[in-house]
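Participant: Take a look at this one; I'll ask things after.
The values are calculated or read from the model by the stated rules, or taken from the named source; none is laboratory data. All figures in this text were calculated on a predicted structure; none of them were measured in a lab. Cβ atoms come from the backbone with ideal geometry, glycine included; neighbour counts cover every protein chain shown. Accessible surface is based on the protein model in full, side chains and every heavy atom, while ligands, DNA and RNA are left aside. Shrake-Rupley method; radii C 1.70, N 1.55, O 1.52, S 1.80 Å.
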Amino acid sequence: MSGVNAIRSAFLDYFRKNGHEVVASSPLVPRNDPTLMFTNAGMVQFKNVFTGVEQRPYSRAVTSQKCVRAGGKHNDLDNVGYTARHHTFFEMLGNFSFGDYFKDRAIELAWNLITREFGLDAKRLLVTVYHTDDEAASLWKRIAGLGDDRIIRIPTSDNFWAMGDTGPCGPCSEIFYDHGEGIPGGPPGSPDEDGDRFIEIWNLVFMQYEQVTKEERVGLPRPSIDTGMGLERIAAVLQGEHDNYDIDLFKALIRASVEATGVPAEGKTRASHRVIADHLRASSFLIADGVLPSNEGRGYVLRRIMRRAMRHAQLLGATEPLMWRLVPALVREMGQAYPELVRGQALITETLQLEEKRFRTTLTRGLGLLTDATENMGEGARLDGETAFKLYDTYGFPLDLTQDALRQRGISVDVEGFNAAMDRQKAEARASWAGSGEAAAETVWFGVKDKAGPTEFLGYDTESAEGVI
Ligand code: ATP
Ligand code: MG
Ligand code: MG
Ligand code: MG
């Protein structure tokens, strides 16, 4: 059965043979879009090509794109360890047509790849189309021979993609694989579609309109294609696994984590090993692309990912920094495809080790406090905002770490109370500073600060690539 590296190559090769330029992945920090926190889809590096602002010497491209969905609108952080299909870092395989081929060829290329080259059982595949897209529905019927029962019409924005409020947009069509009856979950469009039985493997976007104003939408003279398939998800299918975390790559990373901790990945500890493996990838790739842990913006997302992983290492009983010891396994698995991991290995190792050393003492103490505070709580209880804030302020616990720590026990956190405590502390700092007799300078400073707002995450809330695939 093919490993992840072979599947990636097979995808790139197939589209290269079909006239596509093989283009390297762009970095995780987008170059051309300051409002986007991380590259979260294959099309990000081609945005200006789709709008016609930028010209390239080719009209068809294929990539395997590094993606992180752990900040901004696309945030899968809370899914990791809980679903079979989500990572914070993953690779998106994609083929693109810039005004070249359109719907029929895109469907044909996709169908032939998965059924002929990859040999998937067509009986296990079903597709969605946007409810008004009769053209796509009839193409699926003609090209793939799918019956009406396996072409599901979806009326929601899940199947209509837009680059932003204005700009290129169009219907999309997603391909799902049925992993079998034993797994909970319903087909797309059904009430329990969020289960893991029917897993979305590939999204084909048909960019055929331009949204000119809120009311006006016109047809694009040269429609384009943008697709995205999760490498880990197609690898799971090809390796006969239901779960992304059981593919060769993750098995190797989890094995490293098991060896380093001496704790098997079974029962209760399974999720911790998975989170560690996932967060190791996200952290390492982010560091390799120049992000360092800090208290704001991208750096804070990285810090949150690293600290969440460290809590899981602690759960596994690790008493010494763990993450840095897993870097060689990651480099072994992915260093050939992504040489930046090899180049950045020393920096990645050092950064992980330093952050873990720094956080270790307060992590232990903070977890102690959390245990005491929640000792008598049962399922459905809520931790008060003051305690969550104390954990944040004194012990360096990002809010989501506290939430993650309590989630398994069904305990939530009073987020409003947390925010109120944060605001109060800011106000107090302001008041005590005013007391120092430098009121004028202080007023000016806070005036500026208030206008600019808090530094964390600001500017990333409004991702321009809304709904990007
Ligand atoms: P889902 O509904 O499963 O969350 P999505 O609709 O958000 O997926 P798209 O934005 O359409 O995903 O991205 C294109 C493809 O990338 C998906 O079909 C899937 O194969 C893959 N993908 C998306 N998010 C993740 C993730 N967090 N981890 C791994 N693969 C992903
Ligand atoms: Mg999603
Ligand atoms: Mg989806
Ligand atoms: Mg999708």
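Participant: Go through the stretch 32-54 and report how many residues are out of contact with any helix residue (DSSP H, G or I) (no Cβ under 8 Å at 6 or more places or on another chain), farther than 19 Å from Glu296 by Cβ and more than 16 Å from ligand 2 (Cβ to nearest atom).
Facilitator: The qualifying residues number 8.
Participant: Only residues that are surrounded by 20 or more Cβ atoms within 10 Å (Cβ to Cβ) and more than 16 Å from Gly3 (Cα to Cα): list them for the stretch 326-337, please.
Facilitator: Leu326, Val327
Participant: Which one is nearest to ligand 2 (Cβ to nearest atom), of the residues in the stretch 120-165 that are of a type in the set (Asp, Glu) and under 20 Å from Gly189 (Cα atoms)?
Facilitator: Filtering the stretch 120-165 for residues that are of a type in the set (Asp, Glu) and under 20 Å from Gly189 (Cα atoms), the one nearest to ligand 2 (Cβ to nearest atom) comes out as Asp158.
Participant: Residues of the stretch 269-325 being surrounded by fewer than 24 Cβ atoms within 10 Å (Cβ to Cβ), in contact with a strand residue (DSSP E or B) (Cβ under 9 Å, 6 or more places away or on another chain) and part of a helix (DSSP H, G or I), which ones?
Facilitator: Selection gives Arg304 alone.
Participant: Just name the residue that is farthest from ligand 1 (Cβ to nearest atom) out of those in the stretch 156-166 that are surrounded by fewer than 16 Cβ atoms within 10 Å (Cβ to Cβ) and in contact (Cβ under 8 Å) with a residue 12 or more places away in the chain.
Facilitator: Among those that are surrounded by fewer than 16 Cβ atoms within 10 Å (Cβ to Cβ) and in contact (Cβ under 8 Å) with a residue 12 or more places away in the chain, it is Thr166.
Participant: Among the residues of the stretch 342-354, is there at least one that is open to solvent by 80 Å² or more (accessible area, probe 1.4 Å) and more than 30 Å from Ile287 (Cα to Cα)?
Facilitator: No, the stretch 342-354 has no match at all.
Participant: Just one of His87, His74 is within 21 Å of Tyr245 (Cα to Cα), within 16 Å of ligand 2 (Cβ to nearest atom) and surrounded by fewer than 22 Cβ atoms within 10 Å (Cβ to Cβ); which is it?
Facilitator: Just a single option satisfies the conditions, and that option is His74.
Participant: If the Cβ limit is 8 Å and pairs must be 6+ apart or interchain, which residue in the stretch 167-185 that is within 11 Å of ligand 1 (Cβ to nearest atom) pairs with which residue that is aliphatic (A, V, I, L, M) and at pLDDT below 95?
Facilitator: Cys172/Ile469
Participant: Let me confirm something: among Ile254, Ile199, Ile225, which residue is closer than 22 Å to Cys67 by Cα, part of a helix (DSSP H, G or I) and either modelled with pLDDT under 95 or not polar (S, T, N, Q) (or both)?
Facilitator: Ile254
Participant: In the stretch 2-12, is there at least one residue being within 16 Å of ligand 2 (Cβ to nearest atom), open to solvent by 50 Å² or more (accessible area, probe 1.4 Å) and part of a loop (DSSP other than H, G, I, E, B)?
Facilitator: No, the stretch 2-12 contains no residue that is within 16 Å of ligand 2 (Cβ to nearest atom), open to solvent by 50 Å² or more (accessible area, probe 1.4 Å) and part of a loop (DSSP other than H, G, I, E, B).
Participant: How about the stretch 77-187: which strands (runs of 3 or more DSSP E) wholly inside it have at least 3 residues that are among the aromatic types (Phe, Trp, Tyr)?
Facilitator: By residue number, 89-97.
Participant: OK, next. Report whether or not Glu215 is away from ligand 2 (no atom under 16 Å from the Cβ), closer than 21 Å to Pro171 by Cα and not in a loop (DSSP other than H, G, I, E, B).
Facilitator: No.
Participant: Now for a different question. Which of the numbered conditions does Trp202 fail, given that it passes all the others? Conditions: (1) within 16 Å of ligand 1 (Cβ to nearest atom); (2) surrounded by fewer than 18 Cβ atoms within 10 Å (Cβ to Cβ).
Facilitator: Tallying (1) within 16 Å of ligand 1 (Cβ to nearest atom); (2) surrounded by fewer than 18 Cβ atoms within 10 Å (Cβ to Cβ), Trp202 fails exactly one: (2).
Participant: Would you mind finding the one in Arg153, Arg124 that is within 16 Å of ligand 4 (Cβ to nearest atom), basic (Lys, Arg), over 23 Å from the mean Cα position of the chain (by Cα) and open to solvent by 10 Å² or more (accessible area, probe 1.4 Å)?
Facilitator: Within the list Arg153, Arg124, the selection yields Arg153.
Participant: Might you check whether a residue that is of a type in the set (Ser, Thr, Tyr), under 25 Å from Arg281 (Cβ atoms) and in contact (Cβ under 8 Å) with a residue 12 or more places away in the chain occurs anywhere in the stretch 110-132?
Facilitator: No, the stretch 110-132 contains no residue that is of a type in the set (Ser, Thr, Tyr), under 25 Å from Arg281 (Cβ atoms) and in contact (Cβ under 8 Å) with a residue 12 or more places away in the chain.
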